[in-house]
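Input: a single structure, listed below in structure tokens.
The values are calculated or read from the model by the stated rules, or taken from the named source; none is laboratory data. No experiment lies behind these values; they were computed from the predicted model shown. Here the Cβ positions follow ideal geometry from the backbone for every residue, glycine too, while neighbour counts run over all protein chains shown. Areas reflect the complete protein model, heavy atoms only, side chains present, ligands, DNA and RNA absent. Shrake-Rupley method; radii C 1.70, N 1.55, O 1.52, S 1.80 Å.
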Amino acid sequence: MKPNFLTVSAGTGSLVLRGLASPIRVNILQLLHDRGKLNVNEISAALSLPQSTVAVNILTLEEAGLIETSSVKATKGNQKVCSAKYDEIIVRFDTAEKDTRNNQIEVAMPLGLYTSCEVSAPCGLCSPDGVIGLLDVPDFFLDPGRVQAGLIWFGRGNVEYKFPNNAKLVNSAVEAIEFSMELSSEVPGTNLNWPSDITLWINEHRIGTWTSPGDYGDKRGVYTPQWWKLEGSQYGKLKTWRVTRQGSFIDGVSISSVTIDDIGLAEHHSIRMKIGIEENAPHPGGINIFGRGFGNYDQDIIMRLYLA
């Protein structure tokens, strides 16, 4: 079930604001909202625009996270089908510090500081300066050099992180918890049409799954270093899992009935978050996790606790 809103900060939502900055892109969003899924040819005909113009603007909307796209077979090759994600977009101008400093705790976890792992090849780790250990050798996920990792990937399995439960330090109940990270599928080389079911767990409770559309290598990631081959994974999608008293969500979309009470945060001094590919996943297409120095967002894995 699709939620109907997206809230962004004027200070940090530059990609979304760029997506909305063109009348052509706004018209495309309006058309997709009114008619549902359409391919590039249908959008071009409906708006009387060249297909090349539509394709460029679709890419911008996709990068902003305002539309979803999928590749389907057509008479000649494949075609990209687009759909709008939101009915309403809210831009906030109040600063995050003013809004949340008294009721939000944020922790940034470097990619390499996982506390346990169980991965299978293809797999590997990179720092912004070079490859860590040997590629496709799972044992190197235990190498101490992993603390420098800015990109990790594996075909099956998971990595688990232990975050501090700082809500206990201030003796406050938690109303919601979020985990945010940049992700894509993983295939040798890259493939824009390579779906992968990526699942997140909190304290061993399965929160829900996001199906990544592909492994993105069509252009270099904004922060991906020049030494990293262009044929390798370049960037991902910034995804946010959120657990509240009403249930669990990915980017505002309801994914399960697991609530904040179900995951037992008050019972533990740490919060265990696991991300990976389930053994029985319908689309076991691997995972790339992008951290600082790679991808389009230059961030660690972010946990946010929203306090009562």
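Quick one: would you say residue 182 is closer than 22 Å to residue 250 by Cβ, open to solvent by 10 Å² or more (accessible area, probe 1.4 Å) and not aromatic (Phe, Trp, Tyr)?
When the stated conditions are applied, residue 182 does not pass them.
Can you spot a residue in region 206-214 that is modelled with pLDDT of 95 or more, open to solvent by less than 50 Å² (accessible area, probe 1.4 Å) and either over 16 Å from the mean Cα position of the chain (by Cα) or of a type in the set (D, E, K, R) (or both)?
No, region 206-214 contains no residue that is modelled with pLDDT of 95 or more, open to solvent by less than 50 Å² (accessible area, probe 1.4 Å) and either over 16 Å from the mean Cα position of the chain (by Cα) or of a type in the set (D, E, K, R) (or both).
Among the residues of region 283-291, is any touching a strand residue (DSSP E or B) at 6+ places or on another chain (Cβ under 8 Å) and at pLDDT below 95?
No, that holds for no residue.
Any residue at all in region 280-294 that's closer than 23 Å to residue 155 by Cα, under 13 Å from the mean Cα position of the chain (by Cα) and assigned to a loop (DSSP other than H, G, I, E, B)?
yes
Looking at region 149-203, which of the residues that are in contact with a Cys (Cβ under 9 Å, 6 or more places away or on another chain) and assigned to a loop (DSSP other than H, G, I, E, B) is farthest from residue 70 (Cα to Cα)?
149
Counting just the residues of region 5-21 that are assigned to a strand (DSSP E or B) and open to solvent by 50 Å² or more (accessible area, probe 1.4 Å), which one comes out modelled with the highest pLDDT?
By that ranking, first place goes to 7.
Just to be sure, is residue 236 farther than 19 Å from residue 174 by Cβ, at pLDDT 95 or above and in contact with a Pro (Cβ under 8 Å, 6 or more places away or on another chain)?
The answer is no for residue 236.
Among the residues of region 168-195, write down those that are at pLDDT below 95 and among the hydroxyl-bearing types (Ser, Thr, Tyr).
The answer is 172, 190.
Residues checked against (1) over 21 Å from residue 271 (Cα atoms); (2) open to solvent by less than 60 Å² (accessible area, probe 1.4 Å); (3) modelled with pLDDT of 95 or more; (4) touching a helix residue (DSSP H, G or I) at 6+ places or on another chain (Cβ under 8 Å):
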site	(1), (2), (3), (4)
84	yes, yes, no, yes
88	yes, no, no, no
116	no, yes, yes, no
120	yes, yes, yes, yes
145	yes, yes, no, no
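Residue check, residue 247 against (1) open to solvent by less than 10 Å² (accessible area, probe 1.4 Å); (2) within 30 Å of residue 122 (Cα to Cα), all met but one. Which one?
With respect to (1) open to solvent by less than 10 Å² (accessible area, probe 1.4 Å); (2) within 30 Å of residue 122 (Cα to Cα), residue 247 is out only on (2).
Of everything in region 187-205, what is within 30 Å of residue 164 (Cβ to Cβ) and open to solvent by 20 Å² or more (accessible area, probe 1.4 Å)? Give them in sequence order.
Of everything in region 187-205, those that are within 30 Å of residue 164 (Cβ to Cβ) and open to solvent by 20 Å² or more (accessible area, probe 1.4 Å) turn out to be 201, 203, 204, 205.
List the strands (runs of 3 or more DSSP E) inside region 22-96, counting only whole elements, that have at least 3 residues being more than 23 Å from the chain's Cα centre (by Cα).
none
Taking into account only those residues within region 24-64 that are under 24 Å from residue 218 (Cα atoms) and among the acidic types (Asp, Glu), which is least open to solvent (accessible area, probe 1.4 Å)?
Looking at residues that are under 24 Å from residue 218 (Cα atoms) and among the acidic types (Asp, Glu), I get 62.
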